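Participant: Just passing along the structure, written as structure tokens.
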Amino acid sequence: MSLLNRLFGNKNQSNNNSTKNTALVAKRTTTVQMSKPMLMVHPDIQKLLWIADGESKNYVPTVSNKTTFKVKGLSFTVSFTSIEEPSLIYMRLPISDISGSVERPPYFPTYSGLTSEQRGMYWKLLANPYDDSIDIGYVFILYYGLERYLMTDKYEETIDLILKLRDVHQNKSFQSYTANAVILTCLQRQRADIVKKFMDSLDKEYEFNFSPNLFLLCKYALGLNLTGNEIMRMAKAFEFTNNNYLKKYPELFLETLLGNIKAIYGSESISWDKLITASEFNKLPLKETTIYANVSIMDKSIKVPSLLDSFKFKKKVYELLEKTHEDVKKKLSDMRKSGEKIKENKQASSTKKSKEVLSFDTMQESTLLNSYYNARENSLEQHFASIALQDFYYKYRSLGQEYIDKCVSFCRDDISKLPEIQKVYVEDEKAKILSYQWLTVEEKQREILGIKPFFANIPAFKRLAIIYEKEKDYDKAISICDAAIEFLFFWRYASSSIRVF
């Protein structure tokens, strides 16, 4: 039995074993006696954690590596940086019992960066990863490690776990990241069966928060027909907004839609060769799609062909939805005239979607500002804390100009510090590579010369450009775009001229 199993235990273990486990963990850390739940790890995740030390150590720091895969002429690259895996568990770090409320983790959290009380809360999550009362920040720490496992031969069991987590944790960012990563993995592994499993798992409205273009691209590349259910779910992506009947009478709408698909395309689903030609596909523009949340993954977003920019493709699906809408309208009229009972989705008709009323969260603002100022000694951490503040203030832009001004201020402050941050990053990368004893001098030279700029995508530039454009201050919008181009060009050139020794 591995140390991992001995430490984490099993819910069916005897009290004697539990006591022995508790003593072992207490000996390996500097914490006080810990409660039994803190020592538990749910069976679903025992083999999907990254351990930094001890007999169960399964993580070895590696130099930056890159994986490229091709599917139907599409080429994607995903690469790890030498930044340490954020979910990495250090068995010797202290863990404290949870007493009272525990401060939520900062944005872009790491296990090693948590307080001992926060680690106690994280271990509570490890005991039950399906507990939706635990702050989503802890769930993200677990998920960071799962993204790394998606790139191993354990990808299938990792996807099974992710689908279970998606069923419980409703956070929009979590839903988006997890779905996009699963879809890309299905595409990379060419697993049409897992795509079906993913679609079958979508039984709640919040689970549809993912990139419709990436999903369509996956189906296209794997040769999977487009179904009526998928068209209904993604109707908004095809700019079909007249969805009154679609929401109120989903069964009748689907039945009618499938009938129209069969009449037009000869089957109850549509093959891609009838929607877009190969030459049309090859002319599609490439668009950035956010995939990964893990900060140790360089390519957090990738450029993919935008199927939803194909006018002919969108027009065909839109017209199909429009025809179905009119057909359902006529059927309902005939049914009412004949006195036939109409099955209506009462939940959709009785609950009107209310517009969210924003109330400024002063507590969250204080937490984010503290994280920002506490990171003054670490320019890279402060960069990420600044991004969190930019997103926070922009969210409240409708409440007043002051929040837009604060967002702009943090964007500009972040941009002003980028040269310094980039230099620190490059030096850190260089130092890490030089510390790898297993590399020859020539290999170290090659790795150092291959260091890429960390800032392939700076949110502050994009955010400012959007704000200035909405304010119709086009000169400033153009100026910030020019600054972004100049910055990225400079650091691409600078990174190719790094002095090795």
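Each value in this text was obtained by applying a stated rule to the coordinates, not by laboratory testing. All of these numbers come straight from a predicted model, not from anything done at the bench. So basically every Cβ, Gly included, is an ideal-geometry build from the backbone, and we count neighbours across all protein chains shown.
Participant: In whole Hz, what ³J(HN,Hα) sequence does segment 118-133 give by Karplus (6.51, -1.76, 1.60; θ = phi - 60°), x for Gly and Pro?
Facilitator: 5, 5, x, 5, 5, 5, 5, 5, 4, 5, 8, x, 9, 7, 7, 7
Participant: What list of ³J(HN,Hα) values in whole Hz, one per residue of segment 469-474 in order, does the Karplus curve 6.51 cos²θ - 1.76 cosθ + 1.60 (θ = phi - 60°) give from phi, with Gly and Pro shown as x?
Facilitator: These are the phi-based 3J(HN,Hα) values: 5, 5, 7, 6, 8, 5 Hz.
Participant: Something else now. When Lys and Arg each count +1 and Asp and Glu each count -1, what net charge do the other residues less than 10 Å away from residue 396, Cβ to Cβ, add up to?
Facilitator: Within the 10 Å Cβ shell, the charges total 0.
Participant: Using each residue's phi in segment 203-209, evaluate 6.51 cos²θ - 1.76 cosθ + 1.60 at θ = phi - 60° and report the 3J(HN,Hα) Karplus result to the nearest Hz, with x for Gly and Pro.
Facilitator: 10, 10, 4, 5, 6, 8, 8
Participant: A 32 angstrom limit on the alpha carbon distance is what I want to check against. Which of 47/283; 274/330; 395/417; 303/395; 164/236 exceed it?
Facilitator: 47/283
Participant: In nm, what is the difference between 0.36 nm times the number of residues separating residue 434 and residue 176 and their Cα-Cα distance? Walk me through the intermediate numbers first.
Facilitator: On the way: separation 258, 0.36 × 258 = 92.88 nm, distance 3.73 nm.
Taking residue 434 through residue 176 to full extension adds about 89.2 nm, to one decimal.
Participant: Taking amide H positions as placed 1.01 Å from N in the peptide plane, with prolines and chain starts having none, which residues 5 or more places from residue 89, or on another chain, fall under 5 Å of its amide H?
Facilitator: Here 50, 51, 52 satisfy the definition.
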